[in-house]
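A.B. asks: Below you'll find the structure I mean.
The values are calculated or read from the model by the stated rules, or taken from the named source; none is laboratory data. Since we're looking at a predicted model, the values are computed, not measured. Heads up, the Cβs are rebuilt from the backbone with ideal geometry, glycines too, and the neighbour counts pull from every protein chain shown. To get the accessible areas, we keep the full protein, side chains included, count just its heavy atoms, and leave off ligands, DNA and RNA. Shrake-Rupley method; radii C 1.70, N 1.55, O 1.52, S 1.80 Å.
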Amino acid sequence: MFPCPVLFLYSRFIRNTMYLDLAEHLGLIFHLLLKKPDSSCVFVVRKDQDIYIQTLRKLFNESHGIFIGLQRSEEEFAGKSRKTQLVQVSKNYRSVIRACMEDMHQAAVSARDPALHSQYSTQVSILSAMELIWNLCEILFVEAAVAGPLLLRLLDWVRLHVCDVDNMVREVLSSENPSKHELFWNLGNTQTLTEMELKWQHWHEECQRYLQDGTFASNSHMESICKILLGDENAILEKKELMTTWYHFLVTRLLYSHPTVKPMELRFYAQSSMDLFLGGESSPEPLDTILMAAFEFELHQVIKECSIALSNWWFVAHLTDLLDHCKLLQSHNLYFGSNMREFLLLEYASGLFSHYSLWQLGVDYFDHCPEYGRVYLELHIERIPLNTEQKALKVLRICEQRQMHEQVRSICKIMAMKALRNNRLGSALSWSIRAKDAAFATLISDRFLKDYCEKGCFSDLDLIDNLGPSMLLSDRLTFLGKYREFHRLYGEKRFSEAAKLLLMLMTAHIAPCSFWMTLLTDALPLLEQKEVIFSAEQTYELMRCLEDLTAGKSDKQKFQDDDVETMKVEMLRLALARNLARVIVKEGTLEGS
Amino acid sequence: DGTSCVSVCARCLAKSDGVISIQDNRISIWSVGDLGNVGLNGEYQGEPQLLCDIRHNGDVMDMQFLDQERIVVASSTGNVTIFRHHQNNQTLSANQRWEKAHYHVDRDASCGGAACTGVICSNPEIVTVGEDGRINLFRADQKDAVRTIDNADSSTLHAVTFLRTTEILTVNSIGQLKIWDLRQQRNEPSQIFSLTGDRVPLHCVDRHPNQQHIVATGGQDGMLSIWDIRQGTMPVSLLNAHEAEMWEVHFHPSNPDHLFTCSEDGSLWHWDTSTSVSEKPSFLHQGGRSTTYFSHNTINQSVVSAWLSNDPTKDRMEITNLIPNQTLSVNSLDILGPCLVYGTDAEAIYVNRHLFA
């Protein structure tokens, strides 16, 4: 039923060709839609971005708003009010198409380059064709106009799209029996179908009598009008040049011969109208096939033909979604699992993702594809280039709102790594906090500590001094924060507090073993103070730490240790011993205890 | 993405598409007609008209009018450009550019630029901040930067605004608000404030137009913080606002008891602390000059306390979401008089010309 591996592959092709984005395709393959019978079949492929981008982006953006509104709209309304609502949605879509047509037309008018002018004009006709098809679908499917109003709608439809006014209609209104004609026009709700039919019959017979009586014999013009009014096909066909299309002919014909036509009867008249009008001279164009399918109420055929002709996922995706909301599509499963509405929406949204700025719209479309939307989103969202932090934040927010934790972690890691490479340690930390990534926080802390060891002072104090609760994200980070605090206390000459903190860092194993030597070395100035700072208890602890550290080294390592290392250890031992001595004495005396 | 910045000058709007990467980013100038011109029934006179536009290289991260004709634009490529709007023939042209004003380690590398995230002007001075943690002070028509503070911040600076003529406020991605005194030669902030609790990144900052010690900031979690920079290092009040990043916060320039915030969650909130009439004691309702005098004072008093008040139940603050059907992010807003302009990710700008109607 539905295309087909060819179309499927083609859509893959579109997605993979990064530079051929959705908007360009609209122009590329649209030639198919308006193919003239004598044109060649070779199409020149061009990247014409300027033409499509500005106005069509408006189409995509505004229709996105309408789409979301439709998905969110209340399903509780049943029957007539729901239908009114859906018709309004359809009208909104059409008004967006018309607005784009307007803009495109303005662009065509103001284009100085003739080639550009013709391209814009082509676009206008394509959009016009789209609106034509949509309008017909709205009348037949969304509104499902019944006999009576059906013809009125079709009349409006034709009038809207045909430049030449129906001269004959005008003449009718100004003819001899206006009252009778007004009766005819009064096809409002006040009359039932049967009443109307009867009135029309009466009027029709009267017209017939006038013709047969030869009332108009003197004036051939009036006579032909009368024949037309009677629905004489040949008479109408004579005026073929006033009608631009077969569907114009169809509606005119129905107006005069079967104004109370029922929806299901349309197909017969449509087929014969097309045959009569084209008269075997020309073959139907894609647009004709689509309209015919609509008149035949072959919904799936309409969508299929549109997909092929337009290769414009926008149109079929939104139309199908609307028809699905009208409960007109059976949930016909395609061979790869999703239903038609979902397939088209997925294709459309995927196209948006390959477009550099419209991807945000695509997210919402994926959200409303229950089966595969999430998977598609997960795959696409990771491939969005993150050239600024703001964009990364937007992508992150989308992932977080949908509990896509994997993607959150991955994006934060990418941003953190970028920051780290640019030496932006604060930024890197900020990304790790967002992802609650302890491992990365440890990495960043190690960088800080390494910098400290090399330079002898901390870089980015504004960051380390201000970690707050994020300090607890990783042990290493906690150590960094506390270590900096030690330095601060020392700087403020709060020695006993500093001492306590320093010791705690080792005994509570907050400090990594590799850093113990540095910490013990930091203890030296405290040990050397005039005043005794470390208590006996604390000194013993320090000694134990030192011994643990040196004992941990193998003999080989001790051999490899250079003089500086050995000297450091010796100095520490000496300082600790001296401190112990002093403190024992101090604590031993009466004042000291 | 979408419309990333709007900036209002007396007669025009400047809007930028701010879309990503190499294609088609534009700065556009729109006319909304005379701001004071209202139709018979108070309706606005038609849609904004596009006057002119110009291509821009990179995303527009921030922009501001320098004077009636010139706009300073901050780019994601790290460039800072002054565009001039020629009103006689309605064109835009690039007037001056500082290339790679913001850059990461290797300035000369092809992708060495770092996004310039914020710009603030006080003719002829221009201050910019960026993802490189750098602060630049430029002067219009001077080729080189007047002053550059490298590595002013170890994280990304998201926004900057003037506190006084020689002092600026910056906010960064580890939840800090910093005051910098540009007269001083040292490259350290004169004061650092920070959020309590989690160091949520701050994205925007604005200062009260009259009471210069009142500062508002917006965070990544959508929280609005009000700070009194005369005292303490923590915010005075924290107001749970949006559900996602707050991109911009603005005090109304002439009616500062009104504040506006916009967010990634698609909403734009109007915070109104102007005291309602019923709150005034009855004796003040009698007509005459004295009433005016009293009410003016009373309003000023309550404004101060309203913004700095800790107790939201005592606050007579009215908060309204100005967007009925929110979908995509509102990236930027600006206000002048009764006119509010905002731009969204749906590539649309909205103009509301009767804010206080």
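A.B. asks: Residues of segment A:378-401 with accessible area at least 20 Å² lower in the all-protein-chain context than alone (1.4 Å probe)?
C.D. replies: A:ASN387, A:THR388, A:GLU389, A:GLN390, A:LYS391, A:LEU393, A:LYS394, A:ARG397
A.B. asks: Right, here's the next one. Report, by chain and number, residues whose modeled amide H sits under 5 Å from the one on B:GLN191, excluding near sequence neighbours (fewer than 5 apart, same chain).
C.D. replies: B:ILE179
A.B. asks: Follow-up. Accessible surface of A:CYS457 in the full protein assembly, 1.4 angstrom probe, to the nearest 10 Å²?
C.D. replies: 70
A.B. asks: For chains A and B, what's the summed buried accessible area, probe 1.4 Å, to the nearest 100 square angstrom?
C.D. replies: 3700
A.B. asks: Any chance you could run the full-extension gain for A:VAL109 through A:GLU570? It's 0.36 nm times the residue separation minus the Cα-Cα distance, nm to one decimal.
C.D. replies: Numbers: separation 461, 0.36 × 461 = 165.96 nm, distance 9.09 nm.
Length gained between A:VAL109 and A:GLU570: 156.9 nm.
A.B. asks: Describe numerically, in nm with one decimal, the distance between label points set 7 Å from Cα along Cα→Cβ at B:GLN231 and at B:GLN212.
C.D. replies: Placing both labels 7 Å along Cα→Cβ, they lie 2.0 nm apart.
A.B. asks: Here's another thing I want to ask about it. At a cut-off of 10 Å², which residues of segment B:140-178 become less accessible once all protein chains are present than in their chain alone, using a 1.4 Å probe?
C.D. replies: Flagged in segment B:140-178: B:ASN151, B:SER154, B:SER155, B:THR156, B:HIS158, B:SER173, B:ILE174, B:GLN176, B:LYS178.
A.B. asks: Then there's this: Residues with amide H under 5 Å of B:HIS158's amide H, sequence separation 5 or more or different chain, H placed in the peptide plane at 1.01 Å from N; which?
C.D. replies: Result for B:HIS158 returns B:VAL171, B:ASN172, B:SER173.
A.B. asks: Can you quote the Å³ per residue value for the convex hull of the Cα atoms in segment A:341-402, rounded to an integer?
C.D. replies: On the way: hull volume 4.2 nm³, N = 62.
Per-residue hull volume (Cα only) is 68 Å³.
A.B. asks: Follow-up question, since we're still on this one. Taking Rh as the Kirkwood radius computed over C-alpha pairs, what is the Stokes-Einstein D of segment B:138-204 at 20 °C in a medium of viscosity 1.002 mPa s, expressed in µm² per second?
C.D. replies: Rounded, D is 168 µm²/s.
A.B. asks: Please compute the Kirkwood hydrodynamic radius over segment A:298-410, one decimal place, Å, based on all pairs of different Cα atoms.
C.D. replies: On the way: mean 1/r = 0.0666 Å⁻¹.
Mean inverse Cα-Cα distance, inverted, gives 15.0 Å.
A.B. asks: Between the DSSP loop rule and a limit of at most 16 other Cβ atoms within 10 Å, which trypsin sites (Lys or Arg not before Pro) in segment B:110-178 are left? Write down the numbers at each step before the final one.
C.D. replies: Values: sites: B:ARG134, B:ARG139, B:LYS143, B:ARG147, B:ARG164, B:LYS178; in loops: B:ARG134, B:LYS143.
Qualifying residues, ordered by number: B:LYS143.
A.B. asks: Working only with C-alpha atoms, what are the Rg and Dmax values of segment B:148-248, expressed in angstrom?
C.D. replies: 12.7, 40
A.B. asks: Sticking with this structure for a sec: Skipping prolines and chain starts, which residues have an amide H placed within reach, meaning under 5 Å, of the one on B:LEU66, given they are 5 or more residues away or on another chain?
C.D. replies: B:ILE71, B:VAL72
A.B. asks: Explain nothing, just compute: Karplus ³J(HN,Hα) = 6.51 cos²θ - 1.76 cosθ + 1.60, θ = phi - 60°, for every residue of segment A:110-120 in order, whole Hz, x for Gly and Pro.
C.D. replies: Listing the rounded values in order: 8, 6, 8, 6, x, 5, 4, 4, 5, 5, 4 Hz.
A.B. asks: What is the local net charge at B:HIS250, summed over the other residues whose Cβ is closer than 10 Å to its Cβ (Lys, Arg +1; Asp, Glu -1)? Don't skip to the end; give the middle numbers.
C.D. replies: On the way: positive: none; negative: B:ASP206, B:GLU248, B:ASP334.
With Lys, Arg at +1 and Asp, Glu at -1, the net is -3.
A.B. asks: Å³ per residue of the Cα convex hull, for segment A:453-593? Present the calculation step by step, with values, prior to reporting the outcome.
C.D. replies: Numbers: hull volume 17.9 nm³, N = 141.
Residue-normalised Cα hull volume stands at 127 Å³.
A.B. asks: Something else: Going from most exposed to least, what order do A:LYS199, A:LYS455 have by accessible area with a 1.4 Å probe? Working shown, then result.
C.D. replies: Working: A:LYS199 75, A:LYS455 130 Å².
My answer, sorted largest first, is A:LYS455, A:LYS199.
A.B. asks: Related question: Hey, can you find the accessible area per residue of segment A:263-404 for me, probe 1.4 Å, expressed in square angstrom? Provide the component values of the computation, followed by the final result.
C.D. replies: On the way: 5080 Å² over 142 residues.
Normalised by residue count, the accessible surface of segment A:263-404 is 36 Å².
A.B. asks: Same structure, new question: How much length is gained if the chain between A:MET504 and A:THR589 is pulled fully straight, taking 0.36 nm per residue apart and subtracting their Cα-Cα distance, in nm to one decimal? Could the numbers behind the result be given before it?
C.D. replies: Numbers: separation 85, 0.36 × 85 = 30.60 nm, distance 2.72 nm.
Value of the extension gain: 27.9 nm.
A.B. asks: Structure shown: which of A:LYS500/A:LYS553; A:LYS391/A:LYS413; A:LYS482/A:LYS568; A:LYS413/A:LYS436 lie over 20 Å apart, alpha-carbon to alpha-carbon? All intermediate terms of the calculation are to be shown ahead of the outcome.
C.D. replies: Details: A:LYS500/A:LYS553 26 Å; A:LYS391/A:LYS413 15 Å; A:LYS482/A:LYS568 24 Å; A:LYS413/A:LYS436 10 Å.
Beyond 20 Å: A:LYS500/A:LYS553; A:LYS482/A:LYS568.
A.B. asks: How large is the accessible surface per residue of segment B:124-211, computed with a 1.4 Å probe and reported in Å² as a whole number? Walk me through the numbers before you get to the answer.
C.D. replies: Values: 3070 Å² over 88 residues.
That works out to 35 Å² for each residue.
A.B. asks: Read phi for every residue in segment B:121-129 and hand back ³J(HN,Hα) as whole Hz from Karplus 6.51 cos²θ - 1.76 cosθ + 1.60, θ = phi - 60°, with x for Gly and Pro.
C.D. replies: 10, 8, 2, x, 8, 9, 10, 10, 10
A.B. asks: Which parts of segment A:466-480, residue by residue, lose 20 Å² or more of accessible area when the rest of the protein chains are there, as against the chain isolated (1.4 Å probe)?
C.D. replies: A:ASN466, A:PRO469
A.B. asks: Work out from phi, with θ = phi - 60° and the Karplus expression 6.51 cos²θ - 1.76 cosθ + 1.60, the ³J(HN,Hα) of each residue of segment A:346-351, listed in order in whole Hz, and give x for Gly and Pro.
C.D. replies: Karplus-based 3J(HN,Hα) across segment A:346-351 equals 4, 5, 4, 5, 4, x Hz.
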